[in-house]
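Worksheet for the structure shown next.
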Amino acid sequence: MPEPECRSAIIARHRRPAPIDKPHENPLLSIIQAAGWPIWPLILCSVVALALVIERLYHLRSTLVAPPALVDEVMGVTRSSLPAADVVNKLAANSVLGTVLAAGLRSVSAEPRITETALRQAFENAGRIAVHTLERYLNTLGTIAAAAPLLGLMGTVVGMIEIFGSQAPAAGVAGNPQQLAHGISVALYNTAFGLMIAIPSLMLYRYFRGRVDEFQLEMELAAERMVPHLMRFAVRRPD
């Protein structure tokens, strides 16, 4: 054999095959696949909880609920007379506290002989509606915080069932290690995901409840300041 042919044969014999590039797998997708079908309700809960948190963070801002100087501005405008209807409407559209104060102004304007008890009742009714608006979606967030660990526990039970199923001998066949590993993954991943969703949801639920209670107190104090101020414009009934 000529020398060039021998050399090419030796090179071809010792040449290693080129490695085949495996497609890159998404780690998050791999975790979801390892967690099994019980993970999908938890993913849905996480998406809903995130949307509710963003919505409440936006709407429970002080500028939209109770601006700091709003009561003083209203008392300054109504120092000598009641404002016109368009001014009251602008006040109601200003914030949640503005809606409560506008309800008192409208009550005095609609009934000049209004009593202090009736005026307080008007403020109280408007305050209840305002608090109900502030509490919107909080029950849903609290439900997710309570249900997420239970859904994770359900995934744990499903994983345990697969674990015991993989170890059950059938016709002398040994247990399936792949099914055992999958069952462990389902159990652990769902437990972890349930806690990861429940803990932040519960913390944010408590935070939002505290914000609502704080705003409720501010509206009550504002109404207490406005009652004697507006009663100056009420026509006293003859004894």
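Remarks
- Top-ranked residue in segment 181-207 [being among the aromatic types (F, W, Y) and surrounded by 21 or more Cβ atoms within 10 Å (Cβ to Cβ); ranked as nearest to T99 (Cα to Cα)]: Y205
- Output for segment 37-61, where each listed residue is over 17 Å from A198 (Cα atoms) and over 13 Å from the mean Cα position of the chain (by Cα): W37, R61
- Restricting attention to segment 24-41, the residues that are modelled with pLDDT of 70 or more, buried (at least 16 other Cβ atoms within 10 Å of the Cβ) and among the aliphatic types (A, V, I, L, M) add up to 1.
- Residue match in segment 227-237 (condition: within 30 Å of L97 (Cα to Cα), modelled with pLDDT of 75 or more and either among the β-branched types (V, I, T) or under 38 Å from the mean Cα position of the chain (by Cα) (or both)): yes
- In segment 89-119, the residues that are of a type in the set (A, V, I, L, M, F, W, C) and surrounded by fewer than 20 Cβ atoms within 10 Å (Cβ to Cβ): A92, A93, A110, A118
The values are calculated or read from the model by the stated rules, or taken from the named source; none is laboratory data. From a predicted model like this one, the values you see are computed outputs, not experimental measurements. Glycine also receives a Cβ, built like all others from the backbone with ideal geometry; neighbour counts cover every protein chain displayed.
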